[in-house]
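Student: One structure follows; several queries about it will come next.
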Amino acid sequence: MSKDGFDPSITSGIQRFVHLGKWATVCYWGSALEEFRIGDKVFFQNEHRQYWLGQIQPDCFVLLYPEPLPRVLDGLTYLDSVHRMHQIHDDDDWFCDQGELPF
């Protein structure tokens, strides 16, 4: 599996792709996710063609977004925003912990 990027033309089965350097999976309605890795991001399609976005953890599936998303691309946009927020935080150490403020 060396697929880079989500392919919106695939609408059934399981789609695995790389997003932001990590594996992501879309499990379409009626399919079963038989293979997964801890830390993978997964979109589960429900019967209304909406997607629950979450992450595989050692003992559970953690939702990353509080409601179903209408499109996988909406979830990828959300993950991009979270990634950018972490990058900005890592690049700017002005406010990086819960300690004293620098003023």
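The values are calculated or read from the model by the stated rules, or taken from the named source; none is laboratory data. Treat the numbers as computed from the prediction; the structure is a model and nothing was measured. Cβ: placed from backbone, ideal geometry, glycine included. Neighbour counts: every protein chain shown. All accessible areas refer to the heavy atoms of the entire protein, side chains included, with ligands and DNA or RNA removed. Shrake-Rupley method; radii C 1.70, N 1.55, O 1.52, S 1.80 Å.
Student: What number comes out for the charge environment of Asp40, summing +1 per Lys or Arg and -1 per Asp or Glu over other residues with Cβ under 11 Å away?
Tutor: +3
Student: Percent of accessible area on region 1-68 owned by carbon and sulfur, 1.4 Å probe?
Tutor: Carbon with sulfur: 51 percent of the solvent-accessible area.
Student: Tell me the label-point distance for the pair Val62, Ile88, using the 7 Å Cα-to-Cβ offset, in nm and rounded to one decimal.
Tutor: Distance between label points: 2.2 nm.
Student: If packing is taken as the average number of other Cβ atoms within 10 Å across a peptide's residues, how do 34-43, 17-26 rank, most packed first?
Tutor: Taking the mean over residues of other Cβ atoms within 10 Å, the ranking is 17-26, 34-43.
Student: Subtract the Cα-Cα distance of Leu20 and Glu34 from 0.36 nm times their separation in residues, and report this length gain in nm to one decimal.
Tutor: The Leu20-Glu34 span can extend by a further 2.7 nm.
Student: Now a separate question. If you place +1 on the Cβ of every Lys and Arg and -1 on the Cβ of every Asp and Glu, how big does the dipole about the Cα centre of region 9-74 come out, in debye to the nearest 20?
Tutor: Roughly 220 debye for region 9-74.
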